[in-house]
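These notes concern the structure reproduced below.
The values are calculated or read from the model by the stated rules, or taken from the named source; none is laboratory data. All figures in this text were calculated on a predicted structure; none of them were measured in a lab. Using ideal geometry, Cβ is built from the backbone for each residue, glycine included, and neighbour counts are taken over all protein chains shown.
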Amino acid sequence: MSYRSLKDLPVKGKKVLMRVDFNVPLSKEGAITDDSRIVAALELIQYVLNQGAALILISHLGRPKAAPDPHFTLAPIARRLSELLERPVLFAQDCVGPVVEKMVSTLRPGQVLLLENVRFHLGEEEPEQDPSFVKKLALLGDCYVNDAFGTAHRAHSSTALIAKYFPGKSAAGFLMEKELNHLLPLLEEPKRPFYALIGGAKVSTKAGVIHNLLKRVDHLFLGGGMTYTFLKAQGIAIGDSLVEESEIKTAQEILEQKEKVHLPLDLIIADAFSNEAHWKIIEAQEGIPPGWQGMGIGPKTVENWSNLFQKAETIFWNGPVSVFEMSNFASPTRELAE
C-alpha cells in the first residue's frame, strides 16, 4: 500500500480541506472534558498554516441522527481550537451549501474554518442515499488531507469517498502517516502469534476489517458495541442492547471460525445508557434481560484476555471494548490496555 505524505503535497496558496477527528467527549452542559484529540491535531494544523495555506476542517462528533442536533454541534470545538492556536477559528453553521461556499471563498492564507458536524447530513454515513453530498464537500477545497485514522475504516463521504475528487492532490496527515507506518509492516510480516482485538459499535463498519484479519491472525477477539449482534447471532438474549439486525448473517459467518474467534465471557450491563445508570455484571451466556443493555466486557473477560495476550508477539487493537466515554464504564478498555 502506498500513500502520499502531506510534505509531498504543495499547499502554498491553496485551500486545504482536511478531515480530522475532533470526536471529543462533552459534559451534559456541552463542555469539552478531554481535548487530547484537538491537541493532537495542532502540529499538522500549524504546519499547513505555516506553508501559506487556508484550512477548512471537517469532523464528526457523536452519533446524531443525520440531522442538526445542538448536543452534537462542533461550536465548542471551534472555541477550544481557537484558544489552543491563539488565533481566530471561523465556524460554519453547516458543512455544505451556498453559505459555506461563500465563507470558503473569502478565506485567506493563514485562516482556519471549522465546518459543522458532517454527520448532520445523511450523505456522510450513507453516501448511496445522497451521492451529491460528497461532491458538495469536495467543492470546498483545492486539495484534501486525511488525518482521521480513527475513522479511516469507515466508507463515509468525508473519509473514503472524497479523495477520488482530488486525483494527485490528496495526502495523509501526520497522525495518519504515523499510524500507517506502524500498521503496514504489522499486517505484512507480523511476528507470531498474531492476535487482533476489534471493538467499536457496529459490525457493518468493521466487517471488512474482520474478514481480512481472519485470514492473517491466529486469534481474533471481539468486544464493544458489536458484541451484542454476535451474541444475538448465537441466539443469546441481548435486552435493549445495540444490535444490527442486517448484520446477523455476517456475524454468523464470522463465528463459523470458532477456533479463532473469541467473544466476552462476562458483560457489564446497565438499566440505561447513562453514566449514572444502575449496573451489574453477568455471564454473557446468561443473556441480557429486558430493560438492560450492554456497556462493555466484564472483569472476567479482561483477566482472561489479558492472560491470553501475554502469549502474543503481535497485537492489533482497533476500537473500544466498553463505553469508554462514560467514566463508570471506561475501566474495561483502560485495564485491557494496561
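Numbers for the structure displayed
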| item | result |
| --- | --- |
| Residues being over 22 Å from N318 (Cβ atoms) and of a type in the set (F, W, Y) - total across region 135-187 | 3 |
| Candidates S59, S5 - the one that is surrounded by 21 or more Cβ atoms within 10 Å (Cβ to Cβ) and hydroxyl-bearing (S, T, Y) | S59 |
| Qualifying residue in region 140-147 (condition: within 30 Å of I288 (Cα to Cα) and either within 22 Å of the chain's Cα centre (by Cα) or in a loop (DSSP other than H, G, I, E, B) (or both)) | no |
| Close pairs from region 118-129: first of a type in the set (V, I, T), partner assigned to a helix (DSSP H, G or I), Cβ under 7 Å, at least 6 apart | V118/E124; V118/S158 |
| Considering residues of region 120-137 that are of a type in the set (A, V, I, L, M) and in contact with a Phe, Trp or Tyr (Cβ under 8 Å, 6 or more places away or on another chain) only, the residue nearest to P70 (Cα to Cα) | L122 |
| P264 in contact with a helix residue (DSSP H, G or I) (Cβ under 9 Å, 6 or more places away or on another chain), touching a residue at least 24 places away in the same chain (Cβ under 8 Å), of a type outside the set (F, W, Y) and not assigned by TED's automatic domain parsing to the domain that holds S27 | yes |
| One residue from A53, A67 being in contact (Cβ under 8 Å) with a residue 24 or more places away in the chain, in the same structural domain as P25 (by TED's automatic domain parsing) and surrounded by 18 or more Cβ atoms within 10 Å (Cβ to Cβ) | A53 |
| Residues located in region 15-32, provided they are farther than 19 Å from S158 by Cα and either without any contact (Cβ under 8 Å) to a residue 24 or more places away in the chain or assigned to a loop (DSSP other than H, G, I, E, B) (or both) | P25, S27, K28, E29, G30, A31 |
| Region 279-306 residues that are within 15 Å of L222 (Cα to Cα), paired with ones that are assigned to a helix (DSSP H, G or I) (beta carbon under 6 Å, 6 or more apart) | G294/Y228; M295/F329; G296/F329; G296/P332; I297/P332; V302/P332; V302/E335; V302/L336 |
| Residue check, E126 modelled with pLDDT under 95, charged (D, E, K, R) and over 20 Å from F22 (Cβ atoms) | yes |
| The one condition in (1) surrounded by fewer than 18 Cβ atoms within 10 Å (Cβ to Cβ); (2) of a type in the set (S, T, Y); (3) under 17 Å from A196 (Cα atoms) that T227 fails to fulfil | (1) |
| Residue satisfying all of: in region 148-160; outside any helix (DSSP H, G or I) and in contact with a strand residue (DSSP E or B) (Cβ under 9 Å, 6 or more places away or on another chain); surrounded by the most Cβ atoms within 10 Å (Cβ to Cβ) among these | A148 |
| Cross-chain or 6+ apart pairs with Cβ under 6 Å, region 88-110 first and assigned by TED's automatic domain parsing to the domain that holds L17 and modelled with pLDDT of 95 or more, then assigned to a helix (DSSP H, G or I) and of a type in the set (K, R) | V96/K136 |
| Region 203-213, subset surrounded by 17 or more Cβ atoms within 10 Å (Cβ to Cβ) and either in contact with a His (Cβ under 8 Å, 6 or more places away or on another chain) or not hydrophobic (A, V, I, L, M, F, W, C) (or both), residue nearest to A155 (Cα to Cα) | T205 |
| V104 part of a helix (DSSP H, G or I), more than 27 Å from A31 (Cβ to Cβ) and out of contact with any helix residue (DSSP H, G or I) (no Cβ under 6 Å at 6 or more places or on another chain) | yes |
| Region 235-256, residues that are farther than 17 Å from P290 by Cα, surrounded by 16 or more Cβ atoms within 10 Å (Cβ to Cβ) and polar (S, T, N, Q) | T250 |
| Among the candidates I315, I297, residue that is in contact with a Gly (Cβ under 8 Å, 6 or more places away or on another chain) and either surrounded by 17 or more Cβ atoms within 10 Å (Cβ to Cβ) or farther than 28 Å from K28 by Cβ (or both) | I297 |
